[in-house]
Amino acid sequence: MPAKVRTSARKDTEKMVDLLYEDEAFRIRGAVFEVYKEMGSGFLEAVYQECLERELEGAGIPFVARSALALNYKGRALAQVYRPDMICFDKIIIELKATTSIVPEHKAQVFNYLKATRLRLGLIINFGAPAKVQIERIVL
């Protein structure tokens with residue numbers, strides 16, 4: 001009796017979509033999970049900011065914290081600036097939250113950061129959700 005051959009549900013002509021900055025995001029998620037494992041939920045955002053900065057440093061992940069992002073209107077600089085919590089690898093915006101859930105306003109905030117910087121990937125990281133840390137990818 002011939003052996004059964006398993007076939008994939010995908011057609012050979014289909015391709016899996018590559019995630020933008022997959023390796024870098026994986027390393028960031030590892031640092032996030034380490035912070036959550038150590039701290040759990042219930043702290044203020046500033047506590048998670050400091051913990052994640054230490055974890056990123058220890059993991060050798062390059063980042064800049066709370067850097068001012070210049071805004072322009074019709075080609076002229078505005079006095080107002082955006083300050084995302086972090087930018088990692090010079091290309092991934094990190095926005096930290098400590099709320100019960102990620103809401104549309106959080107997504108809009110990161111989307112605006114991406115437009116202002118012309119970067120393509122943002123991660124919203126919410127340490128305040130019960131039972132687990134939430135991480136959402138926003139891609140421009």
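The values are calculated or read from the model by the stated rules, or taken from the named source; none is laboratory data. Just so you know, these numbers come straight off a predicted model, no measurement behind them. Cβ placement follows ideal geometry from the backbone for every residue including glycine, while neighbour counts extend to all protein chains displayed.
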**OP:** Answer yes if at least one residue in region 59-80 is without any contact (Cβ under 8 Å) to a residue 60 or more places away in the chain, surrounded by 13 or more Cβ atoms within 10 Å (Cβ to Cβ) and among the polar types (S, T, N, Q), and no otherwise.
**Re:** yes
**OP:** Can you confirm whether region 33-48 contains a residue that is surrounded by 10 or more Cβ atoms within 10 Å (Cβ to Cβ), touching a Gly at 6+ places or on another chain (Cβ under 7 Å) and either in a helix (DSSP H, G or I) or among the polar types (S, T, N, Q) (or both)?
**Re:** yes
Original post:
Restricting to region 51-73, what's the tally of residues that are of a type in the set (D, E, K, R) and either under 16 Å from the mean Cα position of the chain (by Cα) or at pLDDT below 95 (or both)?
Top reply: 3
Original post:
For region 98-113, what are the residues that are exposed (fewer than 15 other Cβ atoms within 10 Å of the Cβ), without any contact (Cβ under 8 Å) to a residue 24 or more places away in the chain and either touching a strand residue (DSSP E or B) at 6+ places or on another chain (Cβ under 7 Å) or not in a helix (DSSP H, G or I) (or both)?
Top reply: VAL103
**OP:** Only residues that are among the hydrophobic types (A, V, I, L, M, F, W, C), farther than 15 Å from PRO84 by Cβ and surrounded by 15 or more Cβ atoms within 10 Å (Cβ to Cβ): list them for region 114-140, please.
**Re:** PHE127, ALA129, VAL133, ILE135
